[in-house]
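Novice: Take this structure, written in structure tokens, and hold onto it; I'll ask about it next.
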Amino acid sequence: MECPYCNHPESRVLESRSTEGGKTIRRRRQCLECLHRFTTYERIESPPIIVIKQDGTKECFDNSKLLRGIIRACEKTSISQENLEIFVEELETQLQQRPQRQVSSYEIGEYVLDYLRQENEVAYIRFASVYGKFQGFKDFIELLNHLQQHSPLSNSLSQSSLNYVSPVPSS
């Protein structure tokens, strides 16, 4: 393995350990020339998952791109980044285990929406607004009405704390 510091082609392995549930081997190495230590990772190369976008274009599945979008939807919510990373990793594993190598962006979006709906309704609405390409407030109202009809949390909140009180007294 080539040293990232001096580009010497030889190094020795100091330590190896399994990570990511046995899917990756982490190796701690030392350059035989400059003696710097560095880490390498070894994992099985899987055939790529191809995402078919709504416009028909295709691209390789990028878990970091998906994670960024979900993190953005979950800002200032109770969902930890660690939980989101685990979810994206599990989703990618599910997609890898499928016999077909292509998946629609719609299907991926539905997986994410199912997860977010269970975790946090605000994150769900944020993600749905981007994923669903909402055009205006009517799209939000439709989604909120749907959520209110199908969510016990929304039903209990709508009964108590979500009643709007106008700050201007009516005459």
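Novice: Between rounded, prolate and oblate, where does segment 25-105 land on the alpha carbon gyration tensor, with a ≥ b ≥ c its root eigenvalues, rounded for a/c under 1.5, else prolate if a/b exceeds b/c?
Specialist: Here segment 25-105 falls in the oblate category.
Novice: What relative contact order, as a whole-number percentage, does segment 50-152 give when Cα pairs under 8 Å and 6 or more residues apart are counted?
Specialist: Rounded, it is 30 percent for segment 50-152.
Novice: If R₀ is 35 angstrom, what is the calculated FRET efficiency for the pair Tyr106 and His36, using the beta carbon separation as r and rounding to 0.05? Provide the component values of the computation, followed by the final result.
Specialist: Details: r = 47 Å, r/R0 = 1.35.
Taking R0 as 35 Å, the efficiency between Tyr106 and His36 is 0.15.
Novice: Run down the lysines and flag those whose C-alpha is under 24 Å from the C-alpha of Lys76, throwing out any fewer than 8 positions away in its chain.
Specialist: Correct list for Lys76: Lys65, Lys133.
Novice: I've got another one for you. What full-extension length gain, to one decimal in nm, is calculated for Glu20 and Ile86 as 0.36 nm per residue of separation minus the Cα-Cα distance? Working shown, then result.
Specialist: Numbers: separation 66, 0.36 × 66 = 23.76 nm, distance 1.03 nm.
Roughly 22.7 nm would be gained on extension.
Novice: Can you list the GluC sites (Glu not before Pro) in segment 31-126 that are in a DSSP coil and have 15 or fewer other beta carbons within 10 angstrom?
Specialist: In loop regions of segment 31-126 (DSSP not H, G, I, E or B), the sparsely surrounded GluC sites (Glu not before Pro) are Glu33, Glu45, Glu75.
Novice: Hey, fewest Cβ within 10 Å first, where do Lys23, Lys138 land in order?
Specialist: So the ranking, lowest neighbour count to highest, is Lys138, Lys23.
Novice: Where a ≥ b ≥ c are the square roots of the eigenvalues of the C-alpha gyration tensor, would you call segment 76-134 rounded, which needs a/c under 1.5, or, failing that, prolate if a/b is larger than b/c, or oblate?
Specialist: Oblate, because a/c is 1.5 or more while a/b does not exceed b/c.
Novice: If you add up the charges near Val13, with Lys and Arg at +1 and Asp and Glu at -1, over every other residue whose beta carbon is less than 13 angstrom from its beta carbon, what do you get?
Specialist: +4
Novice: A further question follows. Would you mind getting me the FRET efficiency between Arg27 and Cys6? Use the beta-carbon distance for r and R0 = 25 Å, nearest 0.05.
Specialist: For Arg27 and Cys6, the calculated efficiency is 0.85.
Just so you know, all these numbers are worked out from the coordinates, no wet-lab data involved. Just so you know, these numbers come straight off a predicted model, no measurement behind them. Glycine gets a Cβ as well: all are built from the backbone with ideal geometry, and neighbour counts include every protein chain shown.
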